[in-house]
Amino acid sequence: MKYLVILAFVAILGSLGAALFFMMRGGTAKDSERRGRNMARALAFRVGFSILLFICILLAWKLGYIHPTGISAGQ
């Protein structure tokens, strides 16, 4: 499970870095439309990876692989 979470974080950071690359890359006005599409696609992948990570953590909690820690309810 740890490796899945680490892989998801790396994928999230990688897609965020790709979006930054597409945003900062110079070019002509014709290229700006393609850059915008590429940047939007990279950000969409980031959102997808974040949702997948959340679902995996929730599923692991429900199956008992991970346990919450901290202050108990009602204290």
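The values are calculated or read from the model by the stated rules, or taken from the named source; none is laboratory data. Quantities reported herein were computed from a predicted structural model and do not represent experimental measurements. Cβ coordinates were reconstructed from backbone atoms using ideal geometry, including for glycine residues, and neighbour counts include every protein chain displayed.
One table, with the values for the structure above:
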quantity	calculated
Cross-chain or 6+ apart pairs with Cβ under 8 Å, the range 4-22 first and over 12 Å from residue 44 (Cα atoms), then among the basic types (Lys, Arg) and modelled with pLDDT under 85	22/35
Cβ-Cβ under 8 Å pairs, at least 6 apart or on other chains, the range 40-61 side closer than 16 Å to residue 3 by Cα, far side in a helix (DSSP H, G or I) and of a type in the set (Val, Ile, Thr)	49/12; 50/12; 53/5; 53/12; 56/5; 57/5
Top-ranked residue of the range 17-49 - restricted to ones that are surrounded by fewer than 16 Cβ atoms within 10 Å (Cβ to Cβ) and under 30 Å from residue 66 (Cα atoms), ranked as farthest from the chain's Cα centre (by Cα)	17
Selection within the range 50-64 - loosely packed, with under 12 Cβ neighbours inside 10 Å and either of a type in the set (Ser, Thr, Tyr) or in contact with a Cys (Cβ under 6 Å, 6 or more places away or on another chain) (or both)	none
